[in-house]
Every structure is written in structure tokens, then in C-alpha cells.
1. (1) crowded, with 18+ Cβ neighbours inside 10 Å; (2) modelled with pLDDT of 90 or more: which one isn't true of VAL190, the others all being true?
2. Please return the ranges of helices (runs of 4 or more DSSP H) entirely within segment 47-145 where 2 or more residues are aliphatic (A, V, I, L, M).
3. Could you list all residues from segment 33-43 that are crowded, with 19+ Cβ neighbours inside 10 Å and farther than 17 Å from GLY164 by Cβ?
4. Can you pull out every residue in segment 45-60 that is of a type in the set (A, V, I, L, M) and surrounded by fewer than 17 Cβ atoms within 10 Å (Cβ to Cβ)?
5. So is SER304 without any contact (Cβ under 8 Å) to a residue 60 or more places away in the chain, among the small types (Gly, Ala, Ser) and crowded, with 16+ Cβ neighbours inside 10 Å or not?
6. Give the residues of segment 63-121 that are aromatic (Phe, Trp, Tyr) and more than 12 Å from ASP7 (Cβ to Cβ), sorted by residue number.
7. Can you name the residue in segment 111-135 that is touching a Phe, Trp or Tyr at 6+ places or on another chain (Cβ under 8 Å) and hydroxyl-bearing (Ser, Thr, Tyr) and, of all such residues, is surrounded by the fewest Cβ atoms within 10 Å (Cβ to Cβ)?
8. Specify which of the listed residues (SER108, SER71, SER30) is within 30 Å of LYS317 (Cβ to Cβ), among the hydroxyl-bearing types (Ser, Thr, Tyr), surrounded by fewer than 16 Cβ atoms within 10 Å (Cβ to Cβ) and in contact (Cβ under 8 Å) with a residue 40 or more places away in the chain.
Amino acid sequence: MKQILIDTDVILDFFFDRQPFSEFAAKLFSFCENKQIQGFVTPVIYSNTYYLLRQVAKHDKVIEKLTQLLSITDVLSMDRNVVHQALTSGFKDFEDALQNFSAINDGSIEVIVTRNVKDFKKSEIGVLTPENFVKTGWSIQKLNLNAQQGTYDEDISITHRRTGIILKVESKSAVRGSISDGRRSRKIKVPHFKVKCHRSRSNISLVGTSNDRYSVDSFDMLITTPTNAIYQGKTVGEDLEVVHNDVFKQMLYEFYVVDNDLDLIKSTENDWRFCIPEDIAEEGFVPRTPYVVLNNDSNWRPVSELEKRLIEVVNQKRQRRNQTSRRS
């Protein structure tokens, strides 16, 4: 679950209904209430909020509001170390320094949510406005790591900010020269290409198995483009040759609405497709070279549908996580 520190200004936006900022503050607290994220505040924030609310409301009413806040958020601790770090930090605002080092010392805070982003420019923690936090649903990290013993290689890590659920994405290239019009295929009678989805020999050795196929739970998503499939097999050099078969080439020109090889290559490079491993799995494993239908494949979908499908996968993982938590 995503853990964030909520600054005083966000809380005041909500309590004072300061438009248009209160809309995003309300959504943020809704995420906290529904346990989509875990929000934290500090004792200093409580003190400041009480003081400012007390200017317009009676003590009992302010206590009631702060009690409601406490019911959906947690409180970070402040100690001598936090104060010392704040005093020597170089922050222009001492109060902001206290919030910052409370978050750092806690060790679990991933983002500070505040409208005063510039005041936290010295922070080691990510800083977002409430609007950006609410609207920016994903965090993407490109990885360049080889598989370690007992693990799979992973190209991209996508984090759903509101739940903290991390999705593993693997990028696979098409099989060189595998583009086909389907006329001579036994399985697929329409234009298609193949994707190389099996592990390399070095990767097989690293993960300690003789099976070159990925299990269905190795990744949450696979992505590819047809580009490698349109290159003629066994060609080498800096300028790879597009397929020699005139029928295939004309088919590709018509599909991508181009009239030359250079534009064809550019079009395929932008034609990203994705699939969920379990949608193409065979007996619990991803096929070594699954087929991708060129036009409207039911499993390999265009990136325009990516976020919707990602949300579905996140919700499935979230349900399984909640069921595991209840059992434990």
C-alpha cells in the first residue's frame, strides 16, 4: 500500500473547502478512508491545524474534526534526532524540515503530498501536489538487471500509486521474419507474426531450471511490436532488409497505409501490443513463440487499451492480497 505524508495545507484545503484545491484533497482523503493508500501526518501538523481551525470554530468542533482525521490517517513520530536534522538541514522553513525528516526517519514514506512543492526541493523523498498525486496513477521504472539466482529477468516495473501494487512487465521482440499472411499456416489463417517468449540459455542457467518456458506468473504483462517480424531472416548489417516476399510486403503496406519500407518500419515501431500471460498460457506456461494476429488480436491488445487492463490486473491482485490478509 502506498504510504504518503500529507502536509498541513492539504488538510486545510479540505477543512476550509478552498476551491479548487479541496476537490483533490477530498479525493486524497477518500483514498485513505478506503485504504487505497496509507496517509500520515505529524504532531506539528495537528497542532497547526488546530490553531488555524480554532480561529473560526469552537474547541469541541475542532477536536471533532481532528478526531475524524485521526480515524483515517496515522501519525509519524518526532524525536530529538528529527529536530537536530531539521535544524541543520538548510531548509528555509523549519516546520517543513520537521515534516521532511519525520518522513525520512520513518522509512516507509514514499511521497510527500503538498501544494508547496518548492519548499521541499531539498527533500530526498518524492514530492507531489494533491492534484498530481490523484491524477498520476502510475510510476514506471525501466530496469536493466539480469536475472539473479532463483528469479526471472524483468524489463519494466510499474507501480500503481494508490495501492502500491507493483506489476512486472517483460518486453519481448518478434521472431525475425515471422510475418505471414496465414495462407500456409496450419493454426492461424489470417495475417500474423510470432513473438519470442522463451528464456535465453544464459537465463535458464541463472534461474536454475532446464525449462525454457516462463510460468504464467513470471510476469504480469508482456509487450512487443511487429518490427522484428518484418525483417528478412538471416540478413545482417546496420540496415536490416524488410521481407523480400512481395505479397507480404504489399499486405503490410496496406495494413499500415504506407508506400515505402522506411515508413513501414516506423509504423511497426509505434505499433506496441500487450497481453496478460494467463490469457495466452498453455497448461500454466507462456508458449515459446505465441502467435499475434496482425489485425485485432483478442489477446494482444493495442496500448490505447493498456491502462484499463492494468487497472483490472491491479484490482485482481488487490483482492488476492486482501484475502491473504484476512486469512492471516
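The values are calculated or read from the model by the stated rules, or taken from the named source; none is laboratory data. It should be emphasised that the depicted structure is a prediction, and the values quoted were computed from it without experimental measurement. Please note: Cβ atoms are built from the backbone with ideal geometry, for glycine as well, and neighbour counts cover all protein chains shown.
1. The one condition VAL190 does not meet is (1).
2. Filter on segment 47-145 gives 59-72, 80-87, 94-106.
3. If the condition is that a residue be crowded, with 19+ Cβ neighbours inside 10 Å and farther than 17 Å from GLY164 by Cβ, then VAL41, THR42 are the ones that fit.
4. Within segment 45-60, LEU52, VAL56, ALA57 qualify.
5. Values: without any contact (Cβ under 8 Å) to a residue 60 or more places away in the chain: yes; among the small types (Gly, Ala, Ser): yes; crowded, with 16+ Cβ neighbours inside 10 Å: no.
No.
6. We begin by selecting, within segment 63-121, every residue aromatic (Phe, Trp, Tyr); these are 91, 94, 101, 120.
Passing the criteria: PHE91, PHE94, PHE101.
7. THR129
8. On inspection, the qualifying residue turns out to be SER108.
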